[in-house]
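The values are calculated or read from the model by the stated rules, or taken from the named source; none is laboratory data. Quick caveat, the model's predicted, so the values are computed rather than measured. So basically every Cβ, Gly included, is an ideal-geometry build from the backbone, and we count neighbours across all protein chains shown.
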Amino acid sequence: MRGAVLYGPRDVRFEERETPKIIKPADAIIKISATCVCGSDLWPYRGIQPIAQPTPMGHEYCGIVEEVGGAVTSIKRGQFVVGSFFASDNTCPNCQIGYQSSCQHAEFVGTAQAPLLRVPLANGTLVATPEVPPGDMIPSLLSLSDVMGTGWFAADAANVKPGKIVLIVGDGAVGLLGVLSAKQMGAERIIAMSRHESRQKLAREFGATDIVTERGDEGVERIKELTNGIGADSALECVGTQESMMQAIRSTRRGGYVGYVGVPHGVEFKGEELFYAHVHLHGGPAPVRRFLPQLIDLVWKSKINPGRVFDLTLSLDQVAEAYRAMDERRAIKTLLRP
């Protein structure tokens, strides 16, 4: 089969790759219905996160089960499934407390920009939908594999509660779906930081009540102005840079919560500043599997439509353009169909 392979900075190729097969009894093979490019894919694409060799790409996926190993009992051939970017057994102590992305047997699922995908630990990783979904629901179900699940975890980690003030740092797909998550969790006021008109518009449609364009100290001051000098109850850090992390911490009230899900690059803390900030800080790789049943139910019942973050759809063989469009910020998120 042919799939996406990253060779180096801004060099993605669609070329022959080995067709996945069942290797272990716990494996499943999925025929991909849709995949996409993630904001975190741009770190290696831009050369900020170096790769040592040509690397197959893609960790967001949904599709039809083609084949299962002998130990797989939770799903069967022909079902439509969604899975996390980390395979997990869903039985180890870390999984049992809801941190499947830190499963003791976790395996990264990173070859999804292709027509077929091998998913290890299928019993614990894949969740089937009630039936095969209609085509227009597939983008929303795809988003649950990572970007919606990650936005939801950011809100969960930031202790978003009904009636609270929530700040979203980052207007990429995760940040926008953080807005949607905060709205779904009952936040009364949602402040989105964005300088891009199309993203501001979608943020408002997802539930943002305020837009802040300032950054750094000016951004902190603006948040304080909007919150009577107090700061946000919860902040969702959805970028992963030093600036975005400090923006979130400094804009949060004393005793407030920061949920961080942006993959950190160059982020460092000064212990003294963190000590006196008096904020709760929690995050990491989103345990998407914890939230999949609930999020699938919300999509299935048309209570949320997170697939709207996909503003560009291309065929899989146009994967290089998909990366370029996101790198150049011509697209929020690109959906790829085989």
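Does V72 satisfy being hydrophobic (A, V, I, L, M, F, W, C), buried (at least 19 other Cβ atoms within 10 Å of the Cβ), touching a residue at least 24 places away in the same chain (Cβ under 8 Å) and touching a Phe, Trp or Tyr at 6+ places or on another chain (Cβ under 9 Å)? So V72 fails the test.
Here G262 meets the list (1) in contact with a Cys (Cβ under 9 Å, 6 or more places away or on another chain); (2) in the same structural domain as N123 (by TED's automatic domain parsing) almost entirely, failing just condition (2). Criterion first (without any contact (Cβ under 8 Å) to a residue 60 or more places away in the chain and surrounded by 15 or more Cβ atoms within 10 Å (Cβ to Cβ)) does V37 satisfy it? Judged against the criteria, V37 is not a match. If you scan the range 224-250, which residues turn out to be surrounded by fewer than 19 Cβ atoms within 10 Å (Cβ to Cβ) and touching a His at 6+ places or on another chain (Cβ under 9 Å)? Once the filter is applied, which keeps residues that are surrounded by fewer than 19 Cβ atoms within 10 Å (Cβ to Cβ) and touching a His at 6+ places or on another chain (Cβ under 9 Å), the range 224-250 yields T241, Q242. Considering the range 149-172, the residues that are assigned to a helix (DSSP H, G or I), in contact with a strand residue (DSSP E or B) (Cβ under 9 Å, 6 or more places away or on another chain) and among the hydrophobic types (A, V, I, L, M, F, W, C) include one that is surrounded by the most Cβ atoms within 10 Å (Cβ to Cβ), namely A154.
Tallying residues that are farther than 29 Å from V174 by Cα, among the aliphatic types (A, V, I, L, M) and assigned to a strand (DSSP E or B) within the range 23-77 yields 1. Taking the criterion of being buried (at least 17 other Cβ atoms within 10 Å of the Cβ) and either part of a loop (DSSP other than H, G, I, E, B) or without any contact (Cβ under 8 Å) to a residue 60 or more places away in the chain (or both), the residues of the range 325-338 that qualify are A325, A331, I332, K333, P338. Within the range 292-324, restricting attention to residues that are in a loop (DSSP other than H, G, I, E, B) and in contact (Cβ under 8 Å) with a residue 12 or more places away in the chain, the residue that is surrounded by the fewest Cβ atoms within 10 Å (Cβ to Cβ) is K303.
Rundown of residues vs (1) free of Cβ contacts under 8 Å to residues at least 24 places away in the same chain; (2) assigned by TED's automatic domain parsing to the domain that holds S101; (3) among the polar types (S, T, N, Q), yes/no style:
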site: T129; (1), (2), (3): no, yes, yes
site: V132; (1), (2), (3): no, yes, no
site: A158; (1), (2), (3): no, no, no
site: G175; (1), (2), (3): no, no, no
site: E188; (1), (2), (3): no, no, no
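Looking at this structure, is R118 assigned to a strand (DSSP E or B), over 30 Å from L226 (Cα atoms) and outside the structural domain of T213 (by TED's automatic domain parsing)? So R118 fits the description; yes.
Considered as a group, the residues in the range 173-215 that are among the hydroxyl-bearing types (S, T, Y) and assigned to a loop (DSSP other than H, G, I, E, B) include one that is farthest from N228 (Cα to Cα), and that residue is S194. Could you please let me know if T91 is in contact with a Gly (Cβ under 7 Å, 6 or more places away or on another chain), of a type outside the set (A, V, I, L, M, F, W, C), outside any helix (DSSP H, G or I) and closer than 21 Å to F291 by Cβ? It is true that T91 is in contact with a Gly (Cβ under 7 Å, 6 or more places away or on another chain), of a type outside the set (A, V, I, L, M, F, W, C), outside any helix (DSSP H, G or I) and closer than 21 Å to F291 by Cβ. You will find that of S181, S140, the residue that is buried (at least 24 other Cβ atoms within 10 Å of the Cβ), at negative phi, in the same structural domain as S251 (by TED's automatic domain parsing) and of a type in the set (S, T, Y) is S181 and no other. If I filter the range 94-105 down to residues being touching a Ser or Thr at 6+ places or on another chain (Cβ under 9 Å) and assigned to a helix (DSSP H, G or I), which single residue comes out as surrounded by the most Cβ atoms within 10 Å (Cβ to Cβ)? Selected residue: Q100. Only a single item in (1) touching a Leu at 6+ places or on another chain (Cβ under 9 Å); (2) more than 14 Å from T35 (Cβ to Cβ) is not met by F310, and it is number (2).
From I296, I304, grab the single residue that is assigned by TED's automatic domain parsing to the domain that holds F108, over 27 Å from H196 (Cα atoms) and modelled with pLDDT of 95 or more. Only one candidate passes the filter, namely I296. Evaluation of R289 against the conditions (1) in contact (Cβ under 8 Å) with a residue 60 or more places away in the chain; (2) more than 21 Å from the chain's Cα centre (by Cα); (3) crowded, with 17+ Cβ neighbours inside 10 Å shows that the sole unmet condition is (2).
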